[in-house]
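So the structure is just underneath, and the comments pick up after that.
Rule-based calculations on the coordinates, nothing more; no lab input. Predicted model only: the values in this text are computed from it and were never measured. Counting neighbours? That spans all protein chains shown, and the Cβs are built from the backbone with ideal geometry, glycine included.
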Amino acid sequence: MDRTLKSFSLLLSYPTRELQHAMSEIGGVLASDTRLTAAARRALRPLVEGLAGRDIYDLEEQFVLLFDRSRTLSLNLFEHVHGESRDRGGAMVSLIETYREAGFDPATSELPDHLPVLLEFLSTRPSSEVRETLSDAAHIFEALQARLERRESPYAAVFAALIQIAGAKANKDVVEAMLAQPDDDPTDLKALDEVWEESEVTFGPDPNAGCPQVRDMLAQMDTPINPAPQAAAK
């Protein structure tokens, strides 16, 4: 198992006391991974130390504001590709079949395109598949890193590290197109409710889906969904 990818999966999961107790081990894993530069390993320390030592309720609130109340920071990767179109439902089904084909059965209520779930899956896969899959998602990772840096969030370091492991450079034009979408206001609960009332992911069989590799389904990540018009910004 790739313990670094497993560690990143845990770091991007909802904070719990069990996670806090595991931070010493996780920090050791990340500090020893030579795929990451010394600067990248140092950049991860504030997140590791914060998750280990901060009040759990503060950590939970921070996580919700960042990842649950901001669609532009969503950890559900297909949201950045398909939005809430029907195509996303078909991609979900294909991804679930890919997991099952590999004998991977995530014990979680999260959607299959949730990044911690994908990282846990990739932690069991060959290194070449890991690099290819992460490379296809590099555009999303770079956009998420930039948005988190704007908010001065230590979570940004995780996405920078994932890009390093991928060994790929994102297409700058694509990243700029993604960043052109206005950032969500996580405190605007009315706007958030309106968005989710309109959103529905439809799961259903796709007779042409087959069982493609994860990276094939992520290959469309270099064509982000159209930026929302300014009038639709929350």
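Compute the FRET efficiency between Thr34 and Arg151 as 1/(1 + (r/R0)^6), taking r as their Cβ-Cβ distance and R0 = 25 Å, and round to the nearest 0.05. Write out the running numbers ahead of the final one.
Numbers: r = 30 Å, r/R0 = 1.19.
That gives a FRET efficiency of 0.25.
So if R0 is 30 Å, what FRET efficiency would Phe104 and Glu18 give, r being the distance between their Cβ atoms, rounded to the nearest 0.05? Walk me through the numbers before you get to the answer.
On the way: r = 22 Å, r/R0 = 0.72.
According to the calculation, E is roughly 0.90.
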